[in-house]
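Participant: Dropping the structure in here first, questions after.
The values are calculated or read from the model by the stated rules, or taken from the named source; none is laboratory data. In this text, all values refer to a predicted model and were calculated from it rather than measured experimentally. When we count neighbours, we look across all protein chains shown, and the Cβ atoms used for this are built from the backbone with ideal geometry, even at glycine.
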Amino acid sequence: MHAMAAFECQSCGARVEIDDDRRTGKCLYCGSPQVIDRPPTPDRPSPTFGLAFVVPPERALEIARGFVRRPLFAPTSFRKAKVDDVRGIYLPAYLYTAVAHTQYSASIGENYTVTETYTTTVNGKTVNRTRTRTVTEWRDLSGRHSVFVGDHVVSASRGLPNAELESIEPFDWRAIKRFGPRLISGWATEEASLAPRDVADAARREAADAIGARLSRFMPGDSHRNLRWQTQFDHEDLELVLVPLWILPVRYREDRPPVRLLVNGQTGQVHAKTPISWPKVVAVVVLMLALIALVVWLVTEAR
Amino acid sequence: MSTLSSCTRCGSPLSAGDLRCAVCALPCPLPPSGEGPYRAVAKVLRCDGCGAALTYDVHAQAPRCAFCGSVAHLEESEDPLEEAEGYLPFRVAPDVAREALRGWLGSLGWFRPDDLASQSSVDALTPLWWVGWTFDVEALVSWTADSDAGANRSRWAPHSGQVPMTLRASLVSASRGLKEDEVARLAASYDLAQAAPTPHPMEGAQIERFDVQRSGARRIVQRALEAEAARHARQYVPGSAIRNLHAAVLPKRLSTRRWAFPCYVLAYRYRDRLYRAIVHGQDARIVFGAAPYSLAKILAVVVPIALAIAALVAYLMLR
């Protein structure tokens, strides 16, 4: 899997070996940062755009340290873990934009009020009273909805699944930069390991979910239910982009693999799959049950 | 806006300095460059100043030479301040504008003071180029709404539809000096074909500025487009009472132009009070603004009518 290719360092002439899944490297002899330019293929296009690092490493460390201390049910070893290893990488991802034509149908709730008469007993006498009640009438509605959908991001790396990337989105695409070697010089940069056709379905799913959220706001009436929609995507475009990530491995136990903590290199959004300490969970549950039992006992005793 | 070419997806003209289409976000075509590499090569980026290796520096947020500290730039979307690209000429001379004001003051009707036209004096006359955008678009508008048409038990029934919309030279004001309703009265009578790239000399003229960047301007135009779409959709909703109108727009060939429009702002004095009036810079028939009423004349009408009504009521009650 890890094929290497040898290059000649432009600075010192030494032989530099760089992984095929990397776009940057470093000369072992003179330390010069190398940027690899490979001929693009349909499965591995050249990046079109990139976002630059905005969050400096010190800040990423601060954010990460704050994050590991927070989760109550994490093992104590995790919450006290030292976080001092921070690596910046450019992750390849595909940016999806398209025209979305959607056919939708829904039941639209239109409210109206009815006045009804009822009998009740007041002070031993039977009296007639009226009250108003809101009733919902359900009407069927179907139609078409056409918009541009944009800026859905899907990971182009097998190493970092899309769900993990989603946990630190969104990115601010207004700050988009044309990709060039200057953006990534000196930074670890992955090559795309997924082809556009591998991620197209995931991108469409993301876009279709976003359409659903928009349709939900688009519906008339006082309420709606049974919203169904079928979207046809036209003029689709998938561009390879590079997004900045800080990756911080959190080592909290010798016998467990480190937890991968991600910090969005542009916005500082942080996420990690925190481990759960089952003894802590059990202890808390037992304590709660004991408290409830105590209260129940106190109440029954008091009677 | 200097136009390179059009977006292949939505047909909107692309602006110089943009990386992506501002309407549909499709990447702009790259300027033609040399052929890519035939085989993979490793490059070391060099500082233009000292030749040392260049790396991206997160603190400088730019590629920076660690040796001499010089900073290089990354290509990103330009966001310049908006500037007018077309100045419409004044076709009404200042004296004609003064006359137009006098004529207007004399035409306001019987409830105004008799001597309004003769006793008013113009304190200040300022030629003003106010600024705004016009946009052209062909859009597909999807809409939903509740209306009374087809209602059963509830007052409301849901409706939906999809209609095309074409707008030509739809105006969006960027003016701080003129109010929305003033702009609306001026807008129709400008001749956009006569614009020049720079303002022609005009003594004492004020030229308004957009005070907004390109990205901000696009948001303003987008909001105006959505408002127009809702207004357009409204006429397709059946029935007379409408609520919950939603409109979604799919724009095509959206092009925006930036203009400076001529008008005169006049301050005139009548019996020691100042009033403001606007005269169109290209059509002296369009004059509007504030003007005093004659209290004596209003009383002269209201008092007899009130007395007559009182007399009638008294007569009917005493009968």
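Participant: Across the range B:250-259, which residue is farthest from the other protein chains (Cβ to nearest Cβ) among those that are hydrophobic (A, V, I, L, M, F, W, C) and surrounded by fewer than 24 Cβ atoms within 10 Å (Cβ to Cβ)?
Facilitator: B:Trp259
Participant: Taking the range B:158-189 as the search range and keeping residues that are free of Cβ contacts under 8 Å to residues at least 24 places away in the same chain and outside any helix (DSSP H, G or I), which one is farthest from the chain's Cα centre (by Cα)?
Facilitator: Selected residue: B:Pro158.
Participant: Does A:Val153 fit the bill of being of a type in the set (A, V, I, L, M) and closer than 30 Å to B:Cys21 by Cα?
Facilitator: Judged against the criteria, A:Val153 is a match.
Participant: Something else now. Hey, could you check the range B:145-163 for residues that are more than 18 Å from A:Arg144 (Cα to Cα) and within 7 Å of chain A (Cβ to nearest Cβ) and say which is surrounded by the most Cβ atoms within 10 Å (Cβ to Cβ)?
Facilitator: B:Trp156
Participant: Quick one: in the range A:158-198, which of the residues that are under 26 Å from B:Pro63 (Cα atoms) and of a type in the set (Ser, Thr, Tyr) is nearest to the other protein chains (Cβ to nearest Cβ)?
Facilitator: By that ranking, first place goes to A:Ser185.
Participant: Could you tell me which numbered condition A:Asp201 fails, if it satisfies all but one of (1) surrounded by fewer than 16 Cβ atoms within 10 Å (Cβ to Cβ); (2) more than 13 Å from chain B (Cβ to nearest Cβ); (3) part of a loop (DSSP other than H, G, I, E, B)?
Facilitator: Just one mismatch for A:Asp201, condition (3).
Per-residue answers, yes or no, for (1) charged (D, E, K, R); (2) in a loop (DSSP other than H, G, I, E, B); (3) modelled with pLDDT under 90; (4) closer than 27 Å to B:Phe210 by Cα:
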residue	(1), (2), (3), (4)
B:Ser5	no, no, yes, yes
B:Cys24	no, yes, no, yes
B:Leu30	no, yes, yes, no
B:Tyr38	no, yes, yes, no
B:Gly49	no, yes, yes, no
B:Tyr56	no, no, no, no
B:Cys68	no, yes, yes, no
B:Asp79	yes, yes, yes, yes
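Participant: Of all the residues that make up the range B:63-74, how many are under 40 Å from the mean Cα position of the chain (by Cα) and surrounded by fewer than 16 Cβ atoms within 10 Å (Cβ to Cβ)?
Facilitator: 2
Participant: Within the range B:86-110, can you find the residues that are surrounded by 14 or more Cβ atoms within 10 Å (Cβ to Cβ) and part of a loop (DSSP other than H, G, I, E, B)?
Facilitator: Once the filter is applied, which keeps residues that are surrounded by 14 or more Cβ atoms within 10 Å (Cβ to Cβ) and part of a loop (DSSP other than H, G, I, E, B), the range B:86-110 yields B:Leu88, B:Pro89, B:Phe90, B:Arg91, B:Val92, B:Leu108.
Participant: Right, here's the next one. Are any residues in the range A:167-181 closer than 15 Å to B:Glu75 by Cβ and part of a loop (DSSP other than H, G, I, E, B), and if so, which ones?
Facilitator: Correct list: A:Ile176, A:Phe179, A:Gly180.
Participant: Which number in (1) facing chain A (nearest Cβ under 9 Å); (2) at negative phi marks the one condition that B:Ser70 misses?
Facilitator: That leaves (1) as the condition not met.
Participant: Let me ask you something else. Can you find a residue that is out of contact with any strand residue (DSSP E or B) (no Cβ under 9 Å at 6 or more places or on another chain) and in the same structural domain as A:Phe233 (by TED's automatic domain parsing) anywhere in the range A:79-89?
Facilitator: Within the range A:79-89, one or more residues are out of contact with any strand residue (DSSP E or B) (no Cβ under 9 Å at 6 or more places or on another chain) and in the same structural domain as A:Phe233 (by TED's automatic domain parsing).
Each row is one residue, and each column tells you yes or no for (1) more than 18 Å from the chain's Cα centre (by Cα); (2) over 18 Å from B:Ala169 (Cα atoms); (3) exposed (fewer than 15 other Cβ atoms within 10 Å of the Cβ).
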| site | (1), (2), (3) |
| --- | --- |
| B:Asp191 | no, no, yes |
| B:Gln222 | no, no, no |
| B:Gln235 | yes, yes, yes |
| B:Pro238 | yes, yes, yes |
| B:Ile242 | yes, yes, no |
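Participant: Same structure, new question: Mind telling me which of the residues A:Ser155, A:Ser216 ends up being out of contact with any helix residue (DSSP H, G or I) (no Cβ under 8 Å at 6 or more places or on another chain), more than 8 Å from every other protein chain (Cβ to nearest Cβ) and either surrounded by fewer than 21 Cβ atoms within 10 Å (Cβ to Cβ) or under 14 Å from A:Tyr90 (Cα atoms) (or both)?
Facilitator: After applying the criteria, what remains is A:Ser216.
Participant: Pick out, from the range A:1-96, the strands (runs of 3 or more DSSP E) lying fully within it that include 2 or more residues that are of a type in the set (Val, Ile, Thr), within 13 Å of another protein chain (Cβ to nearest Cβ) and closer than 24 Å to A:Leu261 by Cβ.
Facilitator: none
Participant: Here's a check for you: in the range B:35-67, which residue that is of a type in the set (A, V, I, L, M) and more than 7 Å from chain A (Cβ to nearest Cβ) is farthest from B:Ser175 (Cα to Cα)?
Facilitator: Among residues in the range B:35-67 that are of a type in the set (A, V, I, L, M) and more than 7 Å from chain A (Cβ to nearest Cβ), the one farthest from B:Ser175 (Cα to Cα) is B:Ala52.
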